[in-house]
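These notes are about the structure you will find just below.
The values are calculated or read from the model by the stated rules, or taken from the named source; none is laboratory data. Only a predicted model underlies this, so the values are computations on that prediction, with no experimental measurement involved. Virtual Cβ from ideal backbone geometry, glycine too; neighbours counted across all protein chains shown.
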Amino acid sequence: MLLGYKYKLAPTRHQFNRFCNWLNMGRCLINYSLNDMEATYHVRFAQGEFCSLKTKAASCPLTCPINSNSATSDTGEVYQTSNKGEVSRKSAKSIQITNLPVLKETRPWYSDMDSTALQNVIERLHDAFSRFYKGEAKYPKYKNRSNFKSLTFKSGIKVDGNRIKLGKLGWMRFHNSRPVPEGFKIKSATVRLKADGLYVSLKIEDKSIPAFPVIAPEEVKTAIGLDMGITKLVHYSDGSQINNPKFSTNKKTRRQLRIRQRRINRKKKGSKNRRKAGNKVARLHQKITNKREALQWKIAVKTVKKVDAIFLEDLNISGMKSRCKPKQDDNNKGRFLANGQSRKKGLNRSISDASWYSLLKKIEYMAAKHGKIFHKVNPRYSSQTCPECGHVHKDNRDKEKFICTNCGYFAHADLNAANVLKQRGVDKLGLTLSCRVKIKKVVLGVSQKPEQLRLFEMPIPESTGVRRRSAPRSKRKVPGNSEQALVAVQLSLFGDNLANTSLC
Ligand SMILES: [Zn+2]
């Protein structure tokens, strides 16, 4: 079993500065190596080495089987001999790793850096390249101070009580918030620079424990569907919902961010005070992220412990956040009409704030850890499909309400979508559930409010002898017969036309 544990480090000032220096050196090395690969490619391309030798057609740079493995060798060793005596060209990765001793001779300050951390910088670049070749990621980027913030140590890691040894960085204190379980060995340690200091994440492994057994489909008794939203963060197919606290888009935080951001702009560029003001904004962002992560872990644990199988929608989040297409004025070419982008901007911020993807990843991780089934379902038309008769139509949904135009089934639109997702997942995997939870018919605004999943059950405080203020008086009752009033409220929810025609 392979796990990741995170801790906050408490380095000395000397250790902190040394690590920051190493970060700068690592960043220079990764940029140099990337540039080297590109330059070598261009040289070889100019010499007339084409990708397809038969057709002599030039193809996409760097995906070419000949040219993708090119790097300048400082030692002159470009070929390697295998155990069987076959001579082959070295990969760019191994060429660049064998360059490191030469680098240390010409630039002696690199010998101060931990050698495993230095090697890992090169490995990181080539991992990025291999992901690019597979089509999983974009072309590797040049790094700057804001996106190169961590180094990975592969050896010389020891933990003793509240002290940790990280290669050449030496022993330092850390907040041992949860001890490494017995039997687990430390594989590597990644030290990351954040706004409020250094953090280490340990990769620990115990080979005697089997990795994440997954429950057999026959044993699945309960399943749940999840629909993510913005007004409520998560809608469960059993009818419960989780509020969206809007950590970075609520009024208070937005104001705080605006003020602190303005303080930066008013400071002289390049000054120490400007940097300090920048740090304050970074810390606030960090605080927001910490709060969000904490909630997401809680949701993930609660969800996974509740059921055997979890079905989620496979969202295309970057597609949802895309900009609106520009609208050109037909009468006056060169002018553009309003396309609603400024309205979309607010929605995009809310989507970013909800961070569905990171929540989804956490649920996936927890499900794997507990051996539960986690499956992504195609969300197409999930909010327009009737679970009773299967009727799909755009008119079925009216904002928060779902009313089937075919059979009259009604429910909360998002809860209904969660239910549809669950049914799709169950059908796809061929599960037979012994207890199938059916969604409750919920109409917002009437006495039947959807249940809130009680995440934070507070213990009832013991009597302290202090008299608490009495609860506020209940609101004025609706005059007349209570049953009649309820029906009236319920009908008005469906709009006047519908109430008059079908329900009265
Ligand atoms: Zn229907």
**Asked** List, please: which pairs have Cβ atoms under 6 Å, are six or more places apart or on different chains, and start with a residue in the range 308-319 that is small (Gly, Ala, Ser) and end with one that is surrounded by 15 or more Cβ atoms within 10 Å (Cβ to Cβ)?
**Response** Ala309/Val220; Ala309/Ala223; Ala309/Ile373
**Request:** For residues that are crowded, with 20+ Cβ neighbours inside 10 Å and aromatic (Phe, Trp, Tyr), tally how many sit in the range 90-128.
**Result:** 0
**Request:** Select, from Gly334, Gly371, the only residue that is exposed (fewer than 13 other Cβ atoms within 10 Å of the Cβ) and either in the same structural domain as Ser237 (by TED's automatic domain parsing) or more than 16 Å from the ligand (Cβ to nearest atom) (or both).
**Result:** Gly334
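For the condition more than 30 Å from Val214 (Cα to Cα) and either of a type in the set (A, V, I, L, M) or surrounded by 13 or more Cβ atoms within 10 Å (Cβ to Cβ) (or both), what is the one hit in Lys362, Lys321? So that I can check it myself, show each step before the final result.
On the way: Lys362 fails: more than 30 Å from Val214 (Cα to Cα).
Lys321 is the lone residue from the list that is more than 30 Å from Val214 (Cα to Cα) and either of a type in the set (A, V, I, L, M) or surrounded by 13 or more Cβ atoms within 10 Å (Cβ to Cβ) (or both).
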**Message:** Can you tell me how many residues within the range 234-266 are in contact (Cβ under 8 Å) with a residue 24 or more places away in the chain and closer than 20 Å to His285 by Cβ?
**Reply:** 10
**Complete:** With criteria (1) closer than 28 Å to Lys168 by Cβ; (2) touching a strand residue (DSSP E or B) at 6+ places or on another chain (Cβ under 9 Å), Asp112 comes up short on (2)
**Prompt:** Of the conditions (1) away from the ligand (no atom under 16 Å from the Cβ); (2) modelled with pLDDT under 80, Lys441 fails just one. Which one is it?
**Reply:** (1)
**Some residue of the range 140-152 being surrounded by fewer than 19 Cβ atoms within 10 Å (Cβ to Cβ) and farther than 27 Å from Ala195 by Cα** = no
**Prompt:** Given the conditions (1) charged (D, E, K, R); (2) away from the ligand (no atom under 14 Å from the Cβ); (3) over 16 Å from the mean Cα position of the chain (by Cα), and given that Glu313 satisfies all but one, which numbered condition is not satisfied?
**Reply:** (3)
**Prompt:** Restricting attention to the range 376-391, and to residues there that are more than 9 Å from the ligand (Cβ to nearest atom) and surrounded by fewer than 14 Cβ atoms within 10 Å (Cβ to Cβ), which single residue is nearest to Phe311 (Cα to Cα)?
**Reply:** Asn378
**Prompt:** Within the set of pairs 6+ apart or on separate chains, which have a first residue in the range 362-389 that is within 22 Å of Leu295 (Cα to Cα), a second that is assigned to a loop (DSSP other than H, G, I, E, B) and within 14 Å of the ligand (Cβ to nearest atom), and C-beta atoms under 8 Å apart?
**Reply:** none
**Message:** Just checking: which of the strands (runs of 3 or more DSSP E) contained wholly in the range 142-252 hold 1 or more residues that are at pLDDT below 90?
**Reply:** 223-228, 232-236, 241-243
**Members of the range 395-432 found to be assigned to a loop (DSSP other than H, G, I, E, B) and within 14 Å of the ligand (Cβ to nearest atom), listed by number** = Cys404, Thr405, Asn406, Cys407, Gly408, Tyr409
